[in-house]
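Asker: The structure's right below; bear with me while I get my questions together.
The values are calculated or read from the model by the stated rules, or taken from the named source; none is laboratory data. Please read all numbers here as calculations on a predicted model, not as lab measurements. Please note: Cβ atoms are built from the backbone with ideal geometry, for glycine as well, and neighbour counts cover all protein chains shown.
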Amino acid sequence: MERTLVMIKPDGVKRNLIGKIISIFEEKGLKVVALKKMKLSKEQAKAFYIVHKDRPFYESLTNYISSGSIVAMVLEGKDAIKKVREIIGATDPAEAKEGTIRRLFGLDKEKNTVHGSDSLESAQKEISFFFSESELIAAE
């Protein structure tokens, strides 16, 4: 079984979408292995999105992600990374397919409600950013 990280961004948390979003993943056969609600500092947000540090949207993105509570969760299932990416949809909600989380709930390219790891390497890094090995073992 493959694991991936999903983050419900501040706009999703503020709009009380946590349960709805988790339900969508569970209905598609993914299992929640670990979950936590927290507020990232600006420094943590910069560290999490370090891959985008040279992009023009980096400052705005890290300001946004650190602006309110997020929910980080580890989802598990067959081809979890690919499946999550299909369920969340394109970065821009206007371009996302009907029925995807970003199409249903996203406000714009930045406030698109959810983040999902885009590769096995990213998933491993992002999971370890939010969860210790003992938290993941305890969740099994």
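Asker: How about segment 9-29: which of its residues are among the β-branched types (Val, Ile, Thr) and over 13 Å from the mean Cα position of the chain (by Cα)?
Answerer: Looking only at segment 9-29, we keep the residues that are among the β-branched types (Val, Ile, Thr), and these are 13, 18, 21-22, 24.
Selection gives 24 alone.
Asker: For residues in segment 63-94 being surrounded by fewer than 18 Cβ atoms within 10 Å (Cβ to Cβ) and either in contact with a Gly (Cβ under 7 Å, 6 or more places away or on another chain) or among the basic types (Lys, Arg) (or both), which is farthest from residue 11 (Cα to Cα)?
Answerer: Filtering first and then ranking leaves 78.
Asker: Can you list residue pairs whose Cβ atoms sit under 7 Å apart, with the first residue in segment 14-27 being under 14 Å from residue 102 (Cα atoms) and the second being surrounded by fewer than 16 Cβ atoms within 10 Å (Cβ to Cβ) and at pLDDT 95 or above? Count only pairs 6 or more apart in sequence or on different chains.
Answerer: Pairs that qualify, where the first residue is under 14 Å from residue 102 (Cα atoms) and the partner is surrounded by fewer than 16 Cβ atoms within 10 Å (Cβ to Cβ) and at pLDDT 95 or above, are 22/32.
Asker: Quick check on segment 34-59: of everything there that is among the small types (Gly, Ala, Ser) and in contact (Cβ under 8 Å) with a residue 60 or more places away in the chain, which residue is farthest from residue 14 (Cα to Cα)?
Answerer: Step one: list which residues in segment 34-59 are among the small types (Gly, Ala, Ser), which gives 34, 41, 45, 47.
With the extra rule that they be in contact (Cβ under 8 Å) with a residue 60 or more places away in the chain, the set shrinks to 34, 47.
Values: 34: 21, 47: 23 Å.
Ranking the qualifying residues of segment 34-59, first place goes to 47.
Asker: Can you tell me which of (1) crowded, with 17+ Cβ neighbours inside 10 Å; (2) within 19 Å of residue 132 (Cα to Cα); (3) among the aliphatic types (A, V, I, L, M) is the one residue 30 doesn't meet?
Answerer: (2)
Asker: Looking at residue 4 and the list (1) in a strand (DSSP E or B); (2) hydroxyl-bearing (Ser, Thr, Tyr); (3) surrounded by fewer than 16 Cβ atoms within 10 Å (Cβ to Cβ), which single condition is not satisfied?
Answerer: Only one criterion is unmet by residue 4, namely (3).
Asker: In segment 106-121, how many are farther than 21 Å from residue 45 by Cβ and surrounded by 15 or more Cβ atoms within 10 Å (Cβ to Cβ)?
Answerer: Here the count works out to 0.
Asker: To continue, here is another question. Could you pull out the residue among 78, 111 that is more than 22 Å from residue 2 (Cα to Cα) and out of contact with any Leu (no Cβ under 6 Å at 6 or more places or on another chain)?
Answerer: 111
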